[in-house]
Amino acid sequence: MKRYLAAFAVMGALATPARAADSYTTDPDFTAPTFEVTHLGFTTQHGRFNKSSGKAMIDFAARKGSVDFTVYTESLDMGSGAWTKHLFDEGLFNVRKYPTMTFKSDKLIFDGNKVVAAEGQFTMIGVTRPLKVSVNGFQCGSHPANKKAMCAGDVTATIRRSDFGLTKYIPAVSDEVQISVPVEAYKN
């Protein structure tokens with residue numbers, strides 16, 4: 001019996017930090033992943049994904065947390081139906097085979113009580129690589145209209161698409177891709 005009590009005590013102690021963390025869910029109407037690439041060396045082209053979902057756990061006291069963010073590739077929008085459809089093809093995003101891209105992090109980096117970065121794993125077209133993202137303008141508070149508790153910030157990163165096997169049209173379309181995700185998330 002003492003062994004069971006000791007086991008429950010250990011489990012309770014391990015669970016305590018998790019209870020201190022706050023849980024957040026992204027607002028799909030105000031979390032819109034975008035990216036930019038250079039095209040033929042002349043222009044910067046912008047694309048966006050219209051559907052994403054995410055959860056975060058943030059323990060402000062312990063200055064740690066986690067992020068699990070998913071982008072649905074079929075929601076890709078280049079502003080042109082033909083160009084968007086072309087990017088769905090096998091040699092590019094291959095949407096049928098890879099319907100999602102994900103970023104998963106168990107390491108949030110804080111400056112005081114603000115999240116300024118996250119280190120994790122980014123998966124695109126079946127390839128997973130480490131990725132550090134920057135978080136700019138992070139703040140938490142009460143939403144001015146609906147009064148719900150929320151946190152928000154602008155997440156940015158740069159990747160090389162060739163690192164994920166997406167090499168088609170390099171160098172006509174840049175290898176380097178700038179990613180930007182304005183994130184608004186409500187406390188659960």
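The values are calculated or read from the model by the stated rules, or taken from the named source; none is laboratory data. Computed from a predicted structure; not experimentally measured. In this analysis, Cβ positions are derived from the backbone assuming ideal geometry, glycine residues included, and neighbour counts consider all displayed protein chains.
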Please give the number of the condition Ile170 fails out of (1) in contact with a Leu (Cβ under 8 Å, 6 or more places away or on another chain); (2) over 29 Å from Ile109 (Cα atoms); (3) not aromatic (Phe, Trp, Tyr).
(1)
State all residues of the range 43-73 that are touching a helix residue (DSSP H, G or I) at 6+ places or on another chain (Cβ under 8 Å) and not in a strand (DSSP E or B); if no residue qualifies, say none.
Asn50, Lys51, Ala61, Ala62
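Would you call Thr44 modelled with pLDDT under 95 and not basic (Lys, Arg)? Before the answer, list the steps.
Details: modelled with pLDDT under 95: no; not basic (Lys, Arg): yes.
In short, no.
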Could you grab me the full set of residues in the range 48-95 that are within 17 Å of Ile125 (Cα to Cα), within 21 Å of the chain's Cα centre (by Cα) and small (Gly, Ala, Ser)?
Ser52, Ser75
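Rundown of residues vs (1) surrounded by fewer than 17 Cβ atoms within 10 Å (Cβ to Cβ); (2) under 19 Å from Thr156 (Cβ atoms); (3) not aliphatic (A, V, I, L, M), yes/no style:
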position	(1), (2), (3)
Thr38	no, yes, yes
Gly41	yes, no, yes
Met57	no, no, no
Asp89	yes, no, yes
Phe93	no, no, yes
Arg96	yes, no, yes
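Would you say Ala185 is touching a residue at least 24 places away in the same chain (Cβ under 8 Å), in contact with a strand residue (DSSP E or B) (Cβ under 6 Å, 6 or more places away or on another chain) and either farther than 30 Å from Gly41 by Cα or assigned to a strand (DSSP E or B) (or both)? Write out each step before concluding.
Details: touching a residue at least 24 places away in the same chain (Cβ under 8 Å): yes; in contact with a strand residue (DSSP E or B) (Cβ under 6 Å, 6 or more places away or on another chain): yes; either farther than 30 Å from Gly41 by Cα or assigned to a strand (DSSP E or B) (or both): yes.
In short, yes.
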Give all pairs with beta carbons closer than 9 Å in which a residue from the range 79-101 that is closer than 10 Å to Lys168 by Cβ and free of Cβ contacts under 8 Å to residues at least 40 places away in the same chain meets a residue that is assigned to a loop (DSSP other than H, G, I, E, B) and basic (Lys, Arg); count only pairs at least 6 apart in sequence or on separate chains.
Asp89/Lys168; Glu90/Arg96; Glu90/Lys97
Pairs under 8 Å by beta carbon, first residue part of a loop (DSSP other than H, G, I, E, B) in the range 144-160, partner of a type in the set (S, T, N, Q), six or more apart or different chains?
Lys148/Ser142
Go through the residues of the range 165-180 one by one and say whether even a single one is surrounded by 17 or more Cβ atoms within 10 Å (Cβ to Cβ), more than 21 Å from Asp89 (Cα to Cα), touching a Lys or Arg at 6+ places or on another chain (Cβ under 9 Å) and modelled with pLDDT of 95 or more.
no
Out of the residues in the range 118-137 that are surrounded by fewer than 19 Cβ atoms within 10 Å (Cβ to Cβ) and in contact with a Lys or Arg (Cβ under 7 Å, 6 or more places away or on another chain), which is nearest to Ser23 (Cα to Cα)?
Glu119
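Can you pull out the residues in the range 99-140 that are in a loop (DSSP other than H, G, I, E, B) and within 29 Å of Glu74 (Cβ to Cβ)? Steps first, please.
Start the filter on the range 99-140 by keeping residues that are in a loop (DSSP other than H, G, I, E, B), which leaves 99, 112-113, 125-126.
The answer is Pro99, Ile125, Gly126.
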Verdict on Ala118 being in contact with a Ser or Thr (Cβ under 8 Å, 6 or more places away or on another chain), within 21 Å of Tyr186 (Cβ to Cβ) and at pLDDT below 95
no
